[in-house]
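The values are calculated or read from the model by the stated rules, or taken from the named source; none is laboratory data. All values derive from a computational prediction rather than experimental measurement. Using ideal geometry, Cβ is built from the backbone for each residue, glycine included, and neighbour counts are taken over all protein chains shown.
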Amino acid sequence: MKDIKLASGAGKKRTRIQVGRLQVGLDFIVIAGPCSVEDETQTVEVAHAVKAAGANMLRGGAFKPRSSPYAFQGLGLKGLKILAKAKEETGLPIVSEALDTRDVVWMCDYVDVLQIGARNMQNFPLLKEVGKTRKPVLLKRGMNSTLSEWLNCAEYILNEGNADVILCERGIRTFETYTRNTLDLSAVPAIKELSHLPIIVDPAHGTGRISLIASMSLAAVAAGADGLIVEVHSNPKTALSDRDQTLTPLQFSEIVRQVRSLRSFMEGLN
């Protein structure tokens, strides 16, 4: 860890990142929305539903890195305009993934938080490019990466002058096949020992199973996570991506209720 100078927590106060009225790292945040922006009706409808259930930010993929070139790749600029419409109606800040260095600057006109996905965690030119912006960056852990490798990637962003990095544990690849990934919740307290950066958890990608999202969300809160990010769709069976791990608005609402209750209880213990 000796080369991690800026992301290291040694002698530093915990970072708080302003996104709208929220302070990530102080406020417990819940980010929710569709995996992919499919059309305006779907996205705006989900935005209203997740806000009513207690979400603080809206996620939505306009650019989708898919394993198959034949899978839905996202709507691009059209998708970002739809997200902007959803923000206009709900007031929810927008989180969306950047895939290409050429898209970063103009994406900043539409999004409040730039996401770097697991597949791009070590895309160093992209990390440098988002580091040159003044938009908060949500950096997901690569599926095969160590904590040291992950923090070194945060270092690339911080080294370019962008101090607003939010880490996201989203599961790592192991020999287990029952779940999509193995959600490494030990990473939450470990990162808090190693770094001053806030860390949230993605229990949807971390498990790939709707039946496990609620329990892993509660476990993430108990582990000390600063927030959650999950996928919500009005009709998950018709979702163009990640339907097996996408919650209905009703399922999401119940998870938020449980999570906020546990969070309040834990704050009362301190």
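What do you reckon, is residue 32 in contact (Cβ under 8 Å) with a residue 60 or more places away in the chain and assigned to a loop (DSSP other than H, G, I, E, B)? For residue 32, the condition - in contact (Cβ under 8 Å) with a residue 60 or more places away in the chain and assigned to a loop (DSSP other than H, G, I, E, B) - is not met. Remark: residue 49 falls outside the filter, which requires a residue to be aliphatic (A, V, I, L, M), under 22 Å from residue 126 (Cα atoms) and either modelled with pLDDT of 95 or more or surrounded by fewer than 22 Cβ atoms within 10 Å (Cβ to Cβ) (or both). Among the listed residues 64, 87, which satisfies the condition of being in contact with a Leu (Cβ under 9 Å, 6 or more places away or on another chain), surrounded by fewer than 22 Cβ atoms within 10 Å (Cβ to Cβ) and either modelled with pLDDT under 95 or hydrophobic (A, V, I, L, M, F, W, C) (or both)? Within the list 64, 87, the selection yields 64. Whenever a residue of the range 207-223 is within 12 Å of residue 251 (Cβ to Cβ), its partners that are of a type in the set (D, E, K, R) and in a helix (DSSP H, G or I), lying with C-beta atoms within less than 8 angstrom and at least six residues away or across chains, give the pairs 210/244; 214/254.
Restricting the first member to the range 1-12 and to residues that are among the β-branched types (Val, Ile, Thr), and the second to residues that are at pLDDT 90 or above and surrounded by 14 or more Cβ atoms within 10 Å (Cβ to Cβ), the beta-carbon pairs closer than 6 Å and six or more apart or on different chains are 4/151; 4/155.
Of all residues in the range 90-106, one or more are closer than 18 Å to residue 239 by Cα and of a type in the set (Gly, Ala, Ser). Note on the range 57-90: residues that are in a loop (DSSP other than H, G, I, E, B) and free of Cβ contacts under 8 Å to residues at least 60 places away in the same chain total 12. When 240, 247 are checked against the criterion of being more than 18 Å from residue 202 (Cβ to Cβ), among the hydrophobic types (A, V, I, L, M, F, W, C) and in contact with an Asp or Glu (Cβ under 7 Å, 6 or more places away or on another chain), 240 stands alone in meeting it.
When you look at residue 204, is it more than 14 Å from residue 50 (Cα to Cα) and either β-branched (Val, Ile, Thr) or touching an Asp or Glu at 6+ places or on another chain (Cβ under 6 Å) (or both), yes or no? So residue 204 passes the test.
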